[in-house]
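Notes for the one structure printed next.
The values are calculated or read from the model by the stated rules, or taken from the named source; none is laboratory data. If you're wondering where the values come from, they're calculated on a predicted model, not measured in any experiment. Heads up, the Cβs are rebuilt from the backbone with ideal geometry, glycines too, and the neighbour counts pull from every protein chain shown.
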Amino acid sequence: MPRGNLNDLDAFLVVARERSFTKAAAKLGVSQSALSHTVRELEARLGVRLLTRTTRSVAPTAAGERLLDTVGPRLEEIEAELEALSDFRDKPAGTIRITSGDHAVNAIIWPKLAKFLPKYPDIKVEIVVDYGLADIVAQRFDAGVRYGEQVAKDMIAVRIGPDIRFALVGAKSYFAKQPAPKTPQDLVNHSCINLRLPTHGGLYAWEFERDGRELKVRVDGQLVFNGVTQVLNAALAGFGLAYLPEDLTRPHIDKGQLKRVLEEWSPPWPGYHLYYPSRRQPSAAFALLVDALRYRP
């Protein structure tokens, strides 16, 4: 078989992982028709069908799965080594992709990036806001940001923020109609604003702890969001109780817009950590970014 272009293999891998030509084309920045033509040419050169296509879905064939499992990691290693060559440049360079929730981006990452990026104009950073616990290897992220307790054991984790507490809050207009809860169990009788976490396939169960006793309460209400900013806005508007990072609620509590309840049930938990695969060989650009984000009490 004539040696094919590595870009064709890369195109196939993105389609196979996304299970969609539309999504893969958007990620690669090419047209869907051009991407389909590239994959068909690769299949013709190899003499095997790599993808099963229907009007609604795309899935790897057995041959495609083998190529995905064997060649995919090797291509990632090649890309990592090529990126590492930037260490020999006068200035660190490269693109770093990070997945994170929006609270971590706003509270931790962006304030540090705003100081870091002007010093290194050849370093580019792409941040994808996602509340799911993404497979950063399969989705080709360089790193992810999550709470310390959520980081997988086989990852290198670097603390980038202090311990975090949550605050259970409601607007004065809400408490004018409902008495404040005295225990977490009372929340089942309240209208609560839910947060959906795609990785868990459902709504976030509110977690409480007091004197070593842990409780998880599944609450109900009229509203469900997949971002904390929207939950906060709904709470301010009096649509129910919200369980949010303390720093988000504090300014509104100080202004009297929100009232905090059950504070004694909200202990500190491990804060945000940046995590990445232990087998990754960090480039100079990545190492500099990690150091810039590192938490220093």
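On the stretch given as the stretch 177-192, residues that are assigned to a loop (DSSP other than H, G, I, E, B) and surrounded by 13 or more Cβ atoms within 10 Å (Cβ to Cβ) total 4.
Got at least one residue in the stretch 71-90 being farther than 24 Å from V125 by Cα and modelled with pLDDT of 80 or more?
Residues of the stretch 71-90 that are farther than 24 Å from V125 by Cα, as a first pass: 71.
In the following step, the residues that additionally are modelled with pLDDT of 80 or more were identified as 71.
The answer is yes; a qualifying residue exists.
Screening Y174 against (1) under 21 Å from G271 (Cβ atoms); (2) among the aromatic types (F, W, Y); (3) crowded, with 17+ Cβ neighbours inside 10 Å leaves a single unmet condition, (1).
Can you find even one residue in the stretch 136-153 that is among the basic types (K, R), at pLDDT below 95 and touching a Gly at 6+ places or on another chain (Cβ under 8 Å)? Steps first, answer last, please.
Going residue by residue through the stretch 136-153, those that are among the basic types (K, R) are 140, 146, 153.
Restricting the remaining residues to those that are at pLDDT below 95 gives 140, 146, 153.
Add one more test, that the residue is touching a Gly at 6+ places or on another chain (Cβ under 8 Å), and what stays is 146.
Taking every residue of the stretch 136-153 in turn, at least one turns out to be among the basic types (K, R), at pLDDT below 95 and touching a Gly at 6+ places or on another chain (Cβ under 8 Å).
When each of L68, L133, L82 is tested for being part of a helix (DSSP H, G or I) and surrounded by 14 or more Cβ atoms within 10 Å (Cβ to Cβ), the lone residue that passes is L68.
Quick check on the stretch 149-165: of everything there that is of a type in the set (D, E, K, R) and assigned to a loop (DSSP other than H, G, I, E, B), which residue is nearest to F286 (Cα to Cα)?
To start, the set of residues in the stretch 149-165 that are of a type in the set (D, E, K, R) comprises 149, 153-154, 159, 163, 165.
Add one more test, that the residue is assigned to a loop (DSSP other than H, G, I, E, B), and what stays is 153-154, 163, 165.
Details: K153: 21, D154: 19, D163: 24, R165: 29 Å.
Among those residues, the one meeting the criterion is D154.
Identify all residues within the stretch 1-29 that are modelled with pLDDT under 85 and either loosely packed, with under 12 Cβ neighbours inside 10 Å or assigned to a loop (DSSP other than H, G, I, E, B) (or both); write none if there are none. Those that are modelled with pLDDT under 85 and either loosely packed, with under 12 Cβ neighbours inside 10 Å or assigned to a loop (DSSP other than H, G, I, E, B) (or both): M1, P2, R3, G4, N5, N7, G29. Quick one: would you say R146 is among the charged types (D, E, K, R), in a loop (DSSP other than H, G, I, E, B) and touching a residue at least 40 places away in the same chain (Cβ under 8 Å)? It is false that R146 is among the charged types (D, E, K, R), in a loop (DSSP other than H, G, I, E, B) and touching a residue at least 40 places away in the same chain (Cβ under 8 Å). Screening L232, L168, L244, L195 for residues that are in contact with a Pro (Cβ under 9 Å, 6 or more places away or on another chain) and either farther than 30 Å from A287 by Cα or assigned to a strand (DSSP E or B) (or both) leaves exactly one candidate, L168. Does any residue of the stretch 45-58 turn out to be touching a residue at least 24 places away in the same chain (Cβ under 8 Å) and under 30 Å from R196 (Cβ atoms)? Yes: the stretch 45-58 contains one or more residues that are touching a residue at least 24 places away in the same chain (Cβ under 8 Å) and under 30 Å from R196 (Cβ atoms).
Among (1) of a type in the set (K, R); (2) outside any loop (DSSP other than H, G, I, E, B); (3) under 20 Å from E81 (Cα atoms), where does R140 come up short? For R140, the exception is condition (2). Might you check whether a residue that is loosely packed, with under 15 Cβ neighbours inside 10 Å and of a type in the set (S, T, Y) occurs anywhere in the stretch 220-233? Within the stretch 220-233, one or more residues are loosely packed, with under 15 Cβ neighbours inside 10 Å and of a type in the set (S, T, Y).
Sub-6 Å Cβ pairs linking a first residue in the stretch 74-86 that is over 14 Å from V137 (Cα atoms) to a second residue that is modelled with pLDDT of 75 or more and of a type in the set (A, V, I, L, M, F, W, C), at least 6 apart or interchain, are S86/A93, ordered by first then second residue.
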